[in-house]
Structure formats: structure tokens, C-alpha cells
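Computed from the coordinates by the stated procedures, all read-outs in this text should not be read as laboratory data. Given the structure is predicted, the values throughout are model-derived calculations rather than measurements. Every residue, glycine among them, receives a Cβ derived from its backbone with ideal geometry; neighbour counts consider all protein chains shown.
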Amino acid sequence: MDDSPRTILVTGGAGFIGTNFVEYLLRQTDVRVVVVDALTYAGQRHNLAAYEGSGRYVFVHGHIENAQLLYHLCRTCEVDTLVHLAAHTHVDRSILQAQPFVQTNVQGTVTLLEVARQIRLRRFVQMSTDEVYGECLRGECAEDTPLLPSSPYAASKAAADCFVHAYRRTYGVPAFIVRSCNVYGPYQFPEKLLPMSILCALHDEPIPLYGDGSQRRQWLYVDDLCRALWLLCCIGEPGQVYHVSSGVELTNRELVAQILQLLGKPETLMRSVPDRPGHDRRYALRWEQLRCFGWEPSVQLEEGLRRTVAWYRDHRSWWEPLWYGEYAQYRRQWYEQVLQSGVRQEG
Ligand SMILES: NC(=O)c1ccc[n+]([C@@H]2O[C@H](COP(=O)([O-])OP(=O)(O)OC[C@H]3O[C@@H](n4cnc5c(N)ncnc54)[C@H](O)[C@@H]3O)[C@@H](O)[C@H]2O)c1
């Protein structure tokens, strides 16, 4: 029996990964897409405005904590697959105030799982992160590595993953978890390392780097993640954990140096600031499982960075209202705070 999705509900579809994923679905597949997004500072409805009225895409402004709304939407739109991307996602903000992360990432996920208990879903896809494992100084984390999150953000994602596991075991919700390494590409809110570095460099402003910038991360271009998510929407098995990564690992300093080179800017723009408390030095995921399904990352880092830099250079009208809007004040305050705090320097 063909159990590939017909109608997918994407939570957080107006955010970075959500926008790219929904665009992928609308361009590369024939599924119908319903997006529910609270439009926090990180969500922009106009990202997908071109598809509104197309007959295959519906946008609903709402919170995932609103069980009634979600239940009603799932019923009336005949949703068969739920891809849960909505979250508060910025580690720095979680350090300043953890509560909204608990509210959305934990409570919101539990609400969605409760809704999922009451309807007939084929798959519930929980989007998670390598950060739930905490620091991985050697080797790579496997799908059954114990969770040991370091930041309030990572703890809220780990808690959500535990609820997903529990709802699968207790109530048979057909849920599985996708854990990804760092993702980059168009439409990412400017507070994250890569867009922030590009935009600072375009303005010839210093690029703040935590500590000595030697933290190591794996980096995956967003189109590759979207392909993996779609594949898993079609063949993912309840109860599983799937890792998605490129295996390409760089220090933050190396990554920013590549961006500066692409923009023809000097490395002296990098400015070391006191390290973030609890900052993990390295994450790394093992991802052979997806390779067995025929998935491979297809965009090399150099190409992905080139595309991303070009996108930000060509889409000033997208980021200017964000860069000079409310976020400008947050950025100034964050910068002052980080310089004053001097919490810990990691070597
Ligand atoms: N970006 C990465 O590198 C990365 C890596 C691994 C995992 N993830 C996970 O992928 C998912 C998407 O990440 P992203 O980078 O696109 O995040 P993002 O911050 O760009 O987008 C999050 C979206 O969720 C929406 N949202 C927030 N609270 C909501 C609520 N209560 N109800 C409904 N919508 C709400 C926001 O408006 C926004 O559109 C998250 O679950 C994140 O933890 C991201």
C-alpha cells in the first residue's frame, strides 16, 4: 500500500528550515501543505506568500500550544503527516530566559502529541538536534547515545524527544525523531552564526566569535536536509531516531574565515568575545543509516556557502527590516552583555 503523504502539516513553516522545506514540497512533490506558525521574530509569513492561493498551500497563524486549533486543522484538512519544526531555537536567548523554550519546545510538543493521539496520522516527524547529546569530544554520536544537553535550548529539545518516545511507546503515536547537525542556507534569521557573519561583513562591522572560535560543528546545506526530511516523511519508521549530517566538520573560526574570503573581506573583522556559558566544544553525528536509504548530501560546503552568501547579498529587502528593526536593539544589548559578562574563556 502506498503510504506516502498527501497532506502534510508543517509547524514552524515560516522559519528558516520550514520555509525551505515547504518550498521544496511545493516544487518537488504534489503534496498539499498546511503551515501553522506563531510568527515570532524568527518567522516571516511573506517568505511563502507567492504560494498562497495556489490551492496546495494554506497558512494559518497560530500557536502549537493551541490544541483545539491543531485538532480542527488536522481534521478539516485531512492531514496525514505532521512535520514538527516549530521551536524557539536560539541558544543565547535560552540562556537569558529558559521559560519560553519550555513553553514552546516541551509543552507545545506535548500538545501536538496529544492531538496526534486523537487523529489517524501516518507519521509524526519530530525535528531535533545534535545538541541533545551535549559535547562530543571524540568520535561521533550514535542514535542511541545518551542525551546530556548543556544549554536550556538543548534541554528543551531533549525533553521534547523524550515525550515523543513516550507517546510512541504508551499510546502508539506513529512518531520518530530526526536529529540534524547545523543547517545553513537562505532565510535564516540574522542572529545565527552564519547569516550574522555575512551581514556583519557586508557592513564592515566586527563579527563576534565566542571564545577562540575553536568550537567544532558539522554543517549541512538546507536543501539536503529538506530532501532527507521528505524521504523520511515517505519511509520513516515509528520509534526510530534518524541522524542527518554532512560529516563536514569545521571550527567556527574556519567557517567565518571562508565567508570572509567569499566576500573579499579581511579576517581582522573576526572579534573574539567571552565564551557562552556551557558552550559545547564539539558536536558530531554518525549518519550511515540515511545512506542505506540512498540519501547523500549533494551540496559541497564551498558551493553551499557560495549560494548562501549570494542569497544574502541579493536579498537585502528580506534582511534589512530584520537587521535594522527590533533585532538591532537585541543585538546591541547582547553585545554589551556578552562583553561585560566575561563568563568563561574556553581554550
Ligand atoms: N537551524 C539548524 O541548524 C537546526 C539544526 C538542528 C535542528 N533544528 C531544529 O529544526 C527546527 C526548525 O529550526 P529553524 O532553524 O528553522 O528555526 P527558526 O527559529 O528559524 O524557526 C522557528 C519557527 O517556529 C515558529 N514558532 C516558534 N514558536 C512557535 C509556537 N509556539 N507555535 C507555532 N510556531 C512557533 C517561529 O515563528 C518560526 O517560524 C527546530 O525544531 C530546531 O530545533 C535546527
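Tabulated values for the structure
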read-out: Beta bridges per DSSP with both ends in the stretch 197-321, % antiparallel, nearest 5; value: 40 percent
read-out: For the chain: relative contact order, % (alpha-carbon pairs under 8 angstrom, 6 or more apart); value: 17 percent
read-out: Size of electric dipole in the chain: Cβ of Lys, Arg +1 and of Asp, Glu -1, about Cα centre, debye, nearest 20; value: 340 debye
read-out: Computed [θ] at 222 nm, deg cm²/dmol, the chain (DSSP H ≥ 4; -39,500 (n - 2.57); rounded to nearest 500); value: -12000 deg cm²/dmol
read-out: Given charges at Cβ of Lys, Arg, Asp, Glu: the chain dipole, positive-most of Gln337, Thr29, Phe59; value: Phe59
read-out: The stretch 179-239 - Debye-derived log10 I(q)/I(0), Cα point model, q = 0.15, 0.19, 0.22 Å⁻¹; value: -0.61, -0.82, -0.97
read-out: Kirkwood-Stokes translational diffusion coefficient of the chain, alpha-carbon pairs, 37 °C, 0.692 mPa s, µm²/s; value: 160 µm²/s
read-out: Mean Cβ count within 10 Å, highest first, over the residues of peptides 269-280, 213-224; value: 213-224, 269-280
read-out: Positive-pole candidate from Ala154, Ala257, Leu85, dipole of the stretch 1-331, charges at beta carbon; value: Leu85
read-out: DSSP bridge pairs, the chain: antiparallel proportion in percent, nearest 5; value: 10 percent
read-out: Net charge, Ala98 excluded, C-beta distance under 13 Å - Lys, Arg +1, Asp, Glu -1; value: +1
read-out: Cα long-axis angle, helix 301-314 against the chain (0 to 90 degrees, to the nearest 10); value: 90 degrees
